[in-house]
1. Distance from the Cα centre of the range 51-118 to that of the range 131-166, in angstrom?
2. Under the definition of Cα pairs under 8 Å and six or more residues apart, what whole-number percent is the relative contact order of the range 38-188?
3. Please give the FRET efficiency for Asp73 paired with Glu48, using the beta carbon to beta carbon distance and R0 = 22 Å, rounded to the nearest 0.05.
4. Could I have the simple spin-label model distance between Ala102 and Lys59, label points 7 Å from Cα toward Cβ, reported in nm to one decimal?
5. Quick check for me: using +1 on Lys/Arg Cβ and -1 on Asp/Glu Cβ, what's the dipole size of the range 38-142 about its Cα centre, in debye to the nearest 20?
6. Determine the shape class of the range 101-151: with a ≥ b ≥ c the square roots of the Cα gyration tensor eigenvalues, call it rounded for a/c under 1.5, and otherwise prolate if a/b is greater than b/c, oblate otherwise.
7. Work through the residues other than Val162 whose Cβ is under 11 Å from its Cβ and net out their charges, Lys, Arg +1 and Asp, Glu -1.
8. At 20 °C and 1.002 mPa s, what whole-number value in µm²/s does Stokes-Einstein give for the translational diffusion of the range 122-187, with Rh from the Kirkwood sum over Cα pairs?
Amino acid sequence: MGFKVAKKSSAMMALTAGFLLTASLHAFAAGTENDETAPPPKSKTTTECTDGKVWDKDKKECVKPKESGFNDDQLFQAAREFAYAGQYDNAITVLKLAKNQADPRILNYLGYSNRKAGRMELGMSYYRKALQRDENYILARSYMGQALLEQGDVQGARVQLVEIRDRGGENTWAYRSLLQSLKGQVTY
């Protein structure tokens, strides 16, 4: 009788361990798929539209951002896509249309776009403003760290990496991209 109980107990423990492992793998996968710090997917804004126009899903056409009637979130998404496509001035133009110019996301991408367009000090000032508004905004910390690396300040970049980790961002694209940059790989 004791052997049967031990066997059932071992089987139950194995089943529980398997369930927990599966659940944690699903949670990890979901965390990487839904990582808001990861680069945005391309849309028709950068694949079909030209001259700084953005894709309007409702109208099913490219429109001038100023005439789009987009809310701040829609403007932000279009600007992010422009920024990652290397269209920094288009990104800045769209970001300047946002009603809430104090939004850390807007400030961060103004920093990113200006830095990538060669205006490092202006970019850094926007990163600082974004972090003043939200010190836990890990993507701003990642981009600031990468800017510090571009300026030769490896220690400053490491400080930002530790800040990202300590604020719970170790499993994010923001952390991984700064870590890769510190290892001499591509910077964003």
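The values are calculated or read from the model by the stated rules, or taken from the named source; none is laboratory data. Values in this document were obtained by computation on a predicted structure and should not be read as measured data. Cβ coordinates were reconstructed from backbone atoms using ideal geometry, including for glycine residues, and neighbour counts include every protein chain displayed. To get the accessible areas, we keep the full protein, side chains included, count just its heavy atoms, and leave off ligands, DNA and RNA. Shrake-Rupley method; radii C 1.70, N 1.55, O 1.52, S 1.80 Å.
1. Taking the Cα centre of each part, the range 51-118 and the range 131-166 sit 23 Å apart.
2. Details: 218 pairs, mean separation 21.5, N = 151.
Computed value for the range 38-188: 14 percent relative contact order.
3. Numbers: r = 21 Å, r/R0 = 0.97.
Computed FRET efficiency for Asp73 and Glu48: 0.55.
4. Modelled inter-label distance: 3.1 nm.
5. Values: 19 positive and 14 negative charges, 34 e Å.
Using only the charged Cβ atoms, the result is roughly 160 debye.
6. Numbers: a/c = 2.12, a/b = 1.37, b/c = 1.55.
Oblate, because a/c is 1.5 or more while a/b does not exceed b/c.
7. Working: positive: Arg141, Arg158, Arg165, Arg167; negative: Glu163, Asp166, Glu170.
In short, +1.
8. Values: Rh = 11.4 Å.
Translational diffusion coefficient: 188 µm²/s.
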